[in-house]
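Data block below; observations after.
The values are calculated or read from the model by the stated rules, or taken from the named source; none is laboratory data. Just so you know, these numbers come straight off a predicted model, no measurement behind them. Neighbour counts are summed over all protein chains in view; Cβ atoms, including those assigned to glycine, are modelled from backbone coordinates with ideal geometry. With ligands, DNA and RNA removed, areas are computed over all heavy atoms of the protein, side chains included. Shrake-Rupley method; radii C 1.70, N 1.55, O 1.52, S 1.80 Å.
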Amino acid sequence: MTEKLSGEWTVIVRYGEVAVKGEATRSRMEGLLVKALKEALTAEGVIYGGVERLRGRIIIRGFDSEETAKRASWASARVFGVKSASPAFEVEFRGLEDLVVVASSFFAPRVKGRSFMVRARRSGVEPFTSKDVERELGRALLESGAPRVDLKSPDYVAFVEVRGRRAYLYDTIVEGPGGLPVGSEEPALVLFSGGFDSTVAAWRMMRRGVPVHLVFYDLGFPEVLEVAVEAAKYLADNWAYGHRPKLYIVNFRGAALVVNGLVAPSYRTLVLRRLMLLHAEDLALKEGYEALVTGESVGQVASQTVRNLRLIGGGLRLPVIRPLAGHDKDEIVAEARRIGVYEIVARQREVCGVDTPPTPRASEKAFNSELEKVKDVFIPDPIIVDLRSSGLEEIKGKLRLKM
Ligand code: ATP
Ligand code: MG
């Protein structure tokens, strides 16, 4: 049926917050969105003809089939800034009557034997209303043999979006992550352990448009490093379209040894965390990143009480952003599932490099004097991995060589 209709398979991409920005910002963000969409399509291996910007929408065109347009929609729905995407058949029409003829021949085979409803919207310049389209197309589909209209819980929803002389016919809406296109913000450095929290925190920052880079502090457990690398690679390959994240791997074994040797047991975790933040701050400033990000959540463990967060993270030259500060663990785990990284990070082992848990309300004075003992500890330069351009095995090979 569809083959007889003249038209083209496209993808409609809807974006949320970008649409409400001022003119200049919106135009810049749309440009970033288009760049990220193109990368997502290329990564997915789908061939497309071109990308067109409409007001509040991006149309990707030139797909050879509905199947390809569907795959393109799934790929688009992994681009930050995208609210939703639909594989849509684009047709041209002359007036309401013509539109109804074209749309009913598209939808008739799809509504066969199913209850349905029509949902139409238009941009506002047409000499008919959305209600007209819904009523007339509904009638035509009933005439074509569809059993009945059901406005409450239809088996099938026929969507029609009219833009001037063109209409988009579709029945599928794939939800995207929302947020802002990556690159809308200045870059930041995530303290990344490859556990649930810092992985979800990194994803959340990218969703807000922040191009993130990751730093992992290696305490000497190869299997922990391996999971961290896999989680980082997963984020880079599946979510970082429009951006090339780097992973910095810092050998922190010496630092942990010195802390374990010199610092009072109940202060070791806090001091080690502080050393990580101080190191990350220097690294970020050197590389031009403008904030630090951690996966800390208030009260989750003794090192993440308000008091201890103050001691660990106070007085730095860069802001420390904690996107999960107010989240419960089960919410974080559920988000890891939605991101698709659950299976990887669930394998991560919790190691802090220290065997005594910190006191939940550490004293500032004691903390400072314990920190003083080790603050000049030598830390070697990081190994730097470009996550997008190297394969997982290649990265693992490189790291084993240097370990
Ligand atoms: P995660 O799930 O990210 O491991 P967590 O709740 O287990 O977090 P901690 O292990 O106490 O918390 O670490 C708190 C935060 O400190 C982490 O979210 C991460 O940002 C940072 N962090 C901890 N260990 C490392 C590490 N080895 N390398 C880099 N960052 C780390
Ligand atoms: Mg952890």
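Annotations
- Unique residue being farther than 19 Å from K83 by Cα and either open to solvent by 10 Å² or more (accessible area, probe 1.4 Å) or touching a Leu at 6+ places or on another chain (Cβ under 6 Å) (or both) when the list is A256, A231: A256
- Residues located in the stretch 77-102, provided they are in contact (Cβ under 8 Å) with a residue 40 or more places away in the chain and out of contact with any Gly (no Cβ under 7 Å at 6 or more places or on another chain): R78, S86, P87, A88, E92, F93, R94, L96, L99, V100, V102
- Among the residues making up the stretch 32-44, those that are touching a residue at least 60 places away in the same chain (Cβ under 8 Å) and either open to solvent by 50 Å² or more (accessible area, probe 1.4 Å) or at positive phi (or both) are K35, E39, A43.
- Taken together, the criteria place F216 among residues that are modelled with pLDDT of 95 or more, in contact with a strand residue (DSSP E or B) (Cβ under 9 Å, 6 or more places away or on another chain) and under 25 Å from V298 (Cβ atoms).
- Some residue of the stretch 177-190 being within 34 Å of the chain's Cα centre (by Cα) and within 16 Å of ligand 2 (Cβ to nearest atom): yes
- In the stretch 194-217, the residues that are of a type in the set (F, W, Y) form Cβ pairs under 8 Å with partners that are in a strand (DSSP E or B) and modelled with pLDDT of 95 or more, at six or more places apart or across chains, as follows: F216/L247; F216/Y248; F216/I249; F216/V250; Y217/L191; Y217/V250.
- Scanning the stretch 63-114 for residues that are in contact with an Asp or Glu (Cβ under 7 Å, 6 or more places away or on another chain) and more than 18 Å from T172 (Cα to Cα) yields L96, V100.
- The stretch 177-194 - residue that is in a strand (DSSP E or B) and under 19 Å from A325 (Cα atoms) and, of those, most open to solvent (accessible area, probe 1.4 Å): L191
- Residue match in the stretch 332-346 (condition: closer than 28 Å to L285 by Cβ and either touching a residue at least 40 places away in the same chain (Cβ under 8 Å) or within 12 Å of ligand 1 (Cβ to nearest atom) (or both)): no
- Tally of residues being out of contact with any Lys or Arg (no Cβ under 8 Å at 6 or more places or on another chain) and within 14 Å of ligand 2 (Cβ to nearest atom) across the stretch 297-321: 3
- Just one residue in the set D330, D381 is in a helix (DSSP H, G or I) and away from ligand 2 (no atom under 16 Å from the Cβ); that residue is D330.
- Residue ID - most open to solvent (accessible area, probe 1.4 Å), chosen from residues in the stretch 275-296 that are within 16 Å of ligand 2 (Cβ to nearest atom) and closer than 15 Å to I379 by Cα: M276
One line per residue, one yes/no per condition, for (1) in the same structural domain as G242 (by TED's automatic domain parsing); (2) within 16 Å of ligand 2 (Cβ to nearest atom); (3) over 15 Å from the mean Cα position of the chain (by Cα); (4) among the acidic types (D, E):
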residue: D171; (1), (2), (3), (4): no, no, yes, yes
residue: G194; (1), (2), (3), (4): yes, yes, yes, no
residue: S198; (1), (2), (3), (4): yes, yes, no, no
residue: M206; (1), (2), (3), (4): yes, no, no, no
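- Test result for A362, among the aliphatic types (A, V, I, L, M) and either part of a helix (DSSP H, G or I) or open to solvent by 50 Å² or more (accessible area, probe 1.4 Å) (or both): no
- Hits in the stretch 195-223 (condition: within 7 Å of ligand 1 (Cβ to nearest atom), in a loop (DSSP other than H, G, I, E, B) and within 16 Å of R347 (Cα to Cα)): G195
- Contact map, the stretch 45-74: first residue under 18 Å from G16 (Cβ atoms), second residue open to solvent by less than 20 Å² (accessible area, probe 1.4 Å) and of a type in the set (G, A, S), Cβ cut-off under 6 Å, separation 6 or more or different chains; pairs are S73/A85.
- Residue match in the stretch 357-367 (condition: more than 15 Å from ligand 2 (Cβ to nearest atom) and modelled with pLDDT under 90): yes
- If the condition is being open to solvent by 90 Å² or more (accessible area, probe 1.4 Å), more than 12 Å from L311 (Cα to Cα) and in a helix (DSSP H, G or I), then the stretch 365-378 contributes E372, K373.
- Residue check for S153: open to solvent by 20 Å² or more (accessible area, probe 1.4 Å), within 12 Å of ligand 1 (Cβ to nearest atom) and small (G, A, S): no
- Exactly one residue among E335, E350 is in a loop (DSSP other than H, G, I, E, B) and either in the same structural domain as V210 (by TED's automatic domain parsing) or open to solvent by less than 30 Å² (accessible area, probe 1.4 Å) (or both), and that residue is E350.
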